[in-house]
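Participant: Here it is, the structure, as structure tokens.
Just so it is clear, none of the values below were taken in a lab; they were calculated from the coordinates. As the structure is a prediction and not an experimental result, all values here were calculated from the model. Note that each Cβ is placed from the backbone with ideal geometry, even for glycine, and that neighbours are counted across all protein chains shown.
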Amino acid sequence: MRRIVLTGFMGSGKTTVGPLVAERLRWKFVDVDDVIAAQAGRSIPEIFAREGEAAFRRRERETIARLAGEDGLVLALGGGAIEDAETRTLLKSASGGLLVHLEVRLATTLDRCRGTEHLRPILADETNLASRYQRRLPLYRTAHVTICVDELTPEQVAEQIVRKARLG
């Protein structure tokens with residue numbers, strides 16, 4: 001195993017758990033959204049507002065494709081990246097990579113993300129949020145490994161990921 005890719009719905013802990021896994025393995029942690037924002041010179045919400053979702057998804061797909069070949073890397077995807085069939089195929093078939101789904105109940109997402117509505121406007125529309133969750137869940141579950149994280153601490157999740165990757 002040379003790289004671990006974390007996927008899951010918002011609030012699943014990808015950005016919290018990723019650095020813990022990377023630290024345990026002495027690997028680098030990269031959040032795809034941070035890379036996209038740095039390259040664009042604006043925040044993800046600003047990219048969506050100025051360029052639209054299609055342009056953001058194109059940036060996301062290109063960024064993931066570039067990073068998916070790196071070794072010694074823990075990569076956190078944005079919650080919607082899994083909806084792109086090309087990205088899903090790449091991540092599931094990439095040699096040396098483990099795609100890990102951090103599964104979280106929608107109620108847990110709402111609890112964990114409360115107060116971030118200014119960064120995640122979708123949180124204010126629970127009907128649309130629930131629809132998005134239901135649409136993505138079967139796609140997330142195509143990952144190599146699924147870990148239910150609702151009742152686990154970030155440290156416990158990190159430990160399970162390292163064990164599933166057989167690196168610890």
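Participant: Mind checking the dipole of the chain: about its Cα centre, +1 per Lys or Arg Cβ, -1 per Asp or Glu Cβ, Debye to the nearest 20?
Facilitator: Working: 26 positive and 23 negative charges, 104 e Å.
Charge dipole of the chain: 500 debye, to the nearest 20.
Participant: For Glu46 and Thr89, what is the calculated FRET efficiency with R₀ set at 30 Å and r taken between the beta-carbons, to the nearest 0.05?
Facilitator: After rounding to 0.05, the efficiency reads 0.55.
Participant: Let me know the charge dipole size of the range 1-70 about its Cα centre in debye, to the nearest 20, where only the beta-carbon of Lys, Arg (+1) and Asp, Glu (-1) is charged. Don't skip to the end; give the middle numbers.
Facilitator: Numbers: 13 positive and 10 negative charges, 60 e Å.
Computed about the Cα centre, the dipole is about 280 debye.
Participant: Multiply the residue gap between Gln156 and Arg26 by 0.36 nm, knock off their C-alpha separation, and tell me the result in nm, one decimal place. Before the final figure, lay out each step's value.
Facilitator: Values: separation 130, 0.36 × 130 = 46.80 nm, distance 1.76 nm.
That pair, Gln156 and Arg26, stretches by 45.0 nm at full extension.
Participant: Can you list residues whose amide H is under 5 Å from His101's amide H, if they're 5+ apart or on another chain and H is modeled 1.01 Å from N?
Facilitator: Thr7, Val145, Thr146, Ile147
Participant: Here's something else I'd like to know. On each of the three principal axes of the Cα atoms of the chain, give max minus min coordinate, whole Å, ordered largest first.
Facilitator: Projected onto its principal axes, the Cα set of the chain covers 41, 34, 25 Å.
Participant: So if we plug the beta-carbon distance of Thr127 and Arg61 into 1/(1 + (r/R0)^6) with R0 = 30 Å, what FRET efficiency do we get, rounded to 0.05?
Facilitator: Values: r = 28 Å, r/R0 = 0.92.
Here the calculated transfer efficiency is 0.60.
Participant: What are the membrane-span-like helices in the chain by this rule: whole DSSP H runs, Cα extent along the axis at least 30 Å, mean Kyte-Doolittle hydropathy at least 1.6? Don't jump to the answer; show the numbers that get you there.
Facilitator: Working: long enough: none.
None pass (Cα extent of 30 Å or more, hydropathy at least 1.6).
Participant: Can you compute the helix-only [θ] at 222 nm over the chain? Use -39500 (n - 2.57) per DSSP H run of at least 4 residues, normalise by all residues, nearest 500 deg cm²/dmol. Could the numbers behind the result be given before it?
Facilitator: Working: 8 runs with 87 residues, N = 168.
Value at 222 nm, helices only: -15500 deg cm²/dmol.
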